[in-house]
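Bear in mind that the values in this text are calculations on the coordinates, not laboratory data. Computed from a prediction, not measured in an experiment: that's the story for all the values here. Positions of Cβ are generated from backbone atoms using ideal geometry, with glycine treated the same way; all protein chains shown enter the neighbour counts.
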Amino acid sequence: MRIGIISDTHDRQRRIEAAVDRLNRADLDLVLHAGDYVSPFVVPWLAALSAPLVGVLGNNDGDHALLAQRFTEYDRFDLRGDFARVEAEGAVIALLHGHQRELLDALVASQGFDYVVRGHSHRAGTERHGRTLVVNPGTVSGILAEHPTFAILDTAAGEVEVLVLR
């Protein structure tokens with residue numbers, strides 16, 4: 001399964017539209033958003049995604065109720081709150097924003113997930129901890145980062161590619 005991973009979109013419309021375009025060209029089965037949309041008006045900018053979207057909340061997301069309501073306007077979108085357990089063709093994925101460090105560390109230490117997908121730091125990369133690969137796609141917004149980035153996870157190959165948005 002090919003999964004697009006984005007995080008920290010922070011209301012940056014042009015960057016979100018560029019990410020959606022790149023994700024749609026990547027022939028994905030699913031997209032995960034690790035939080036920090038910032039406001040509910042971001043959701044319609046994501047509506048052009050051709051793959052279903054599962055998202056969680058971040059520490060900079062303001063109106064949680066309205067954000068959740070906007071997600072319900074799209075059949076392929078699912079906002080899960082602070083945490084989501086996602087099963088993808090045999091792979092078990094923990095999805096969270098990552099600002100709750102104790103929770104993040106506990107999920108990784110549990111070794112109960114093939115992948116832990118997180119955002120928050122705006123620093124893209126992967127780290128292997130036993131059987132668990134921690135994946136941070138960086139930030140679509142480009143804020144506090146050298147480049148705006150996103151990632152693609154191929155669960156069949158067990159590989160993650162971090163890509164720069166241009």
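Considering only residues that are assigned to a loop (DSSP other than H, G, I, E, B) and either under 19 Å from Arg118 (Cβ atoms) or among the aromatic types (Phe, Trp, Tyr) (or both), which ones fall in the range 29-71?
The answer is Ala34, Gly35, Asp36, Tyr37, Val38, Val56, Leu57, Gly58, Asn59, Asn60, Asp61.
Every residue, every condition in (1) surrounded by fewer than 20 Cβ atoms within 10 Å (Cβ to Cβ); (2) over 12 Å from the mean Cα position of the chain (by Cα), yes or no:
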| site | (1), (2) |
| --- | --- |
| Arg85 | yes, yes |
| Gly90 | yes, yes |
| Leu95 | no, no |
| Leu103 | yes, yes |
| Leu107 | no, yes |
| Arg118 | no, no |
| Glu127 | yes, yes |
| Gly138 | no, no |
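For residues that are of a type in the set (Lys, Arg) and part of a loop (DSSP other than H, G, I, E, B), scanning just the range 72-129, find the one that is farthest from Leu32 (Cα to Cα).
At the first step, the residues of the range 72-129 found to be of a type in the set (Lys, Arg) are 76, 80, 85, 101, 118, 123, 128.
With part of a loop (DSSP other than H, G, I, E, B) added as a condition, the list becomes 76, 80, 118, 123.
Working: Arg76: 12, Arg80: 11, Arg118: 10, Arg123: 17 Å.
Only one residue fits best here, namely Arg123.
Looking at the range 148-166 only, could you name the residues that are surrounded by fewer than 20 Cβ atoms within 10 Å (Cβ to Cβ) and touching a helix residue (DSSP H, G or I) at 6+ places or on another chain (Cβ under 8 Å)?
Those that are surrounded by fewer than 20 Cβ atoms within 10 Å (Cβ to Cβ) and touching a helix residue (DSSP H, G or I) at 6+ places or on another chain (Cβ under 8 Å): Leu163, Arg166.
Within the range 38-80, track down each residue that is without any contact (Cβ under 8 Å) to a residue 24 or more places away in the chain and either within 16 Å of Gly4 (Cβ to Cβ) or among the hydrophobic types (A, V, I, L, M, F, W, C) (or both). Show your work before the answer.
Applying the first criterion (without any contact (Cβ under 8 Å) to a residue 24 or more places away in the chain) to the range 38-80 yields 64-65, 68, 72, 75.
Within the range 38-80, Ala65, Ala68 meet the criteria.
Of Asp75, Asp36, which residue is acidic (Asp, Glu) and on the phi > 0 side of the Ramachandran plot? Before the answer, list the steps.
On the way: Asp75 fails: on the phi > 0 side of the Ramachandran plot.
On inspection, the qualifying residue turns out to be Asp36.
Out of all the residues in the range 121-166, which are touching a residue at least 60 places away in the same chain (Cβ under 8 Å) and of a type in the set (Asp, Glu)?
Correct list: Asp154 only.
Return only the number of the condition from (1) more than 17 Å from Leu153 (Cβ to Cβ); (2) of a type outside the set (A, V, I, L, M); (3) in contact with a Pro (Cβ under 7 Å, 6 or more places away or on another chain) that Ser7 does not satisfy.
Only one criterion is unmet by Ser7, namely (1).
Could you grab me the full set of residues in the range 107-147 that are touching a helix residue (DSSP H, G or I) at 6+ places or on another chain (Cβ under 8 Å) and closer than 21 Å to Ala51 by Cα? I'd like the intermediate steps shown before the answer.
Filtering the range 107-147 for residues touching a helix residue (DSSP H, G or I) at 6+ places or on another chain (Cβ under 8 Å) gives 113, 116, 118, 129, 132, 134, 140-142.
Residues satisfying the conditions are Val116, Arg118, Val140, Ser141.
Within the bounds of the range 31-47, is there any residue that is surrounded by 18 or more Cβ atoms within 10 Å (Cβ to Cβ), within 21 Å of Val160 (Cα to Cα) and among the hydroxyl-bearing types (Ser, Thr, Tyr)? Please lay out each step first, then the result.
From the range 31-47, those surrounded by 18 or more Cβ atoms within 10 Å (Cβ to Cβ) are 31-38, 40, 42-43, 45-46; that's our starting set.
From what's left, within 21 Å of Val160 (Cα to Cα): 31-35.
Okay, now just the ones that are also among the hydroxyl-bearing types (Ser, Thr, Tyr), so none.
No, because not a single residue in the range 31-47 is surrounded by 18 or more Cβ atoms within 10 Å (Cβ to Cβ), within 21 Å of Val160 (Cα to Cα) and among the hydroxyl-bearing types (Ser, Thr, Tyr).
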